[in-house]
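Coordinate-derived values only; no laboratory data. Worth saying up front: this structure is predicted, and the values here are computed from it rather than measured. Virtual Cβ from ideal backbone geometry, glycine too; neighbours counted across all protein chains shown.
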Amino acid sequence: MIKVSNISKSYGKEPVLKNIGFELLEQHTMSILGKSGCGKTTLLKILAGLENSDSGSFTIDGSDMLHMPPQRREVVYLSQEPLLFPHMTVEQNIGYGLRIRKISQNELVEKVEVMLNELGISEHRNKMPDQLSGGQKQRVAFGRALVINPKVILLDEPFGSLDAHTREDMQTLFLKIAELHHITALLVTHDVKEALIMGRKFARLDAGALTVYPDKKAFIAAPENGIKKEVGFWNELMKEHEQ
Ligand code: ADP
């Protein structure tokens, strides 16, 4: 289980995260809804070990993570723009994490093959990143993250730069892969529909303060998330056109 408590962070005098706390069970995904600038990236980078917090704790199954170097945390951070190695093929990018862990060549080939198939990018295996579409790049980034079997995946607006159709495809693919690989994930997004589709647990980050909702019903009902207002809008529109 993931346990985060009292994480705070300021840049100079500006508090960016205020006493963040939550718990997340293994194999669950928590969606965090938040606007740009609310502190989403800072929070994920702290959990991944790419940024220091001023205070607080972060444990996985009781083990302290905050004082562990990023490469030993088994926590992978995936940003909106997939950062692939430009000089490596799709296959080499996916296998990278395994190569540096020095596993046997046979096992490496086998694991990469499984990833390529699951992500539907087998036919692109020999392409370089600049020969791929946005959605394909994001699939490769997923593959590279998943192949090492991390404990937690941190998704920072992962589908934000994709067109609506590709975005939906990626959401469906993520749900399938999450189930297949028993993934535990934190997903931050500004898109309430995406939060609902992807999450099992729900929270909101507003000006550095995190509210965790007891369940999906409470997330939907909370006026600050604007769901009822949106439904009201569509209902009104439908009524007008039915008359
Ligand atoms: P989000 O991902 O929600 O858009 P960020 O976590 O990137 O937000 O940033 C939250 C706030 O912290 C913003 O006001 C941003 O300007 C500030 N911030 C982020 N990184 C730094 C930094 N390295 N130095 C100073 N301020 C920063």
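Details
- Dividing the summed -39500 (n - 2.57) terms of all DSSP H runs of n ≥ 4 by the residue count of the chain sets its mean residue ellipticity at 222 nm at -12000 deg cm²/dmol.
- Region 85-149 - percent relative contact order, Cα under 8 Å, separation 6 or more: 52 percent
- Inter-label distance for R101 and H182, nm, one decimal - labels placed 7 Å from Cα along Cα-to-Cβ: 1.5 nm
- Alpha-carbon spread of region 60-214, three principal axes, descending order, Å: 45, 40, 26
- Per-peptide average of other Cβ atoms within 10 Å, ordering 120-128, 107-115, 42-50 highest first: 42-50, 107-115, 120-128
- A Stokes-Einstein calculation at 4 °C with viscosity 1.567 mPa s, built on the Kirkwood radius of region 1-146 over Cα pairs, returns a diffusion coefficient of 76 µm²/s.
- Residues whose amide H comes within less than 5 Å of that of H28, counting only those at least five positions distant or on another chain, are A185 (H built at 1.01 Å from N in the peptide plane).
- Length added when fully stretched, K228-S10, from 0.36 nm per residue minus Cα-Cα: 75.1 nm
- Dimensions (Å) - region 85-149, Cα atoms, principal axes, largest first: 31, 23, 18
- Cα→Cβ-extended label distance, 7 Å offset, between A221 and E110, nm: 5.0 nm
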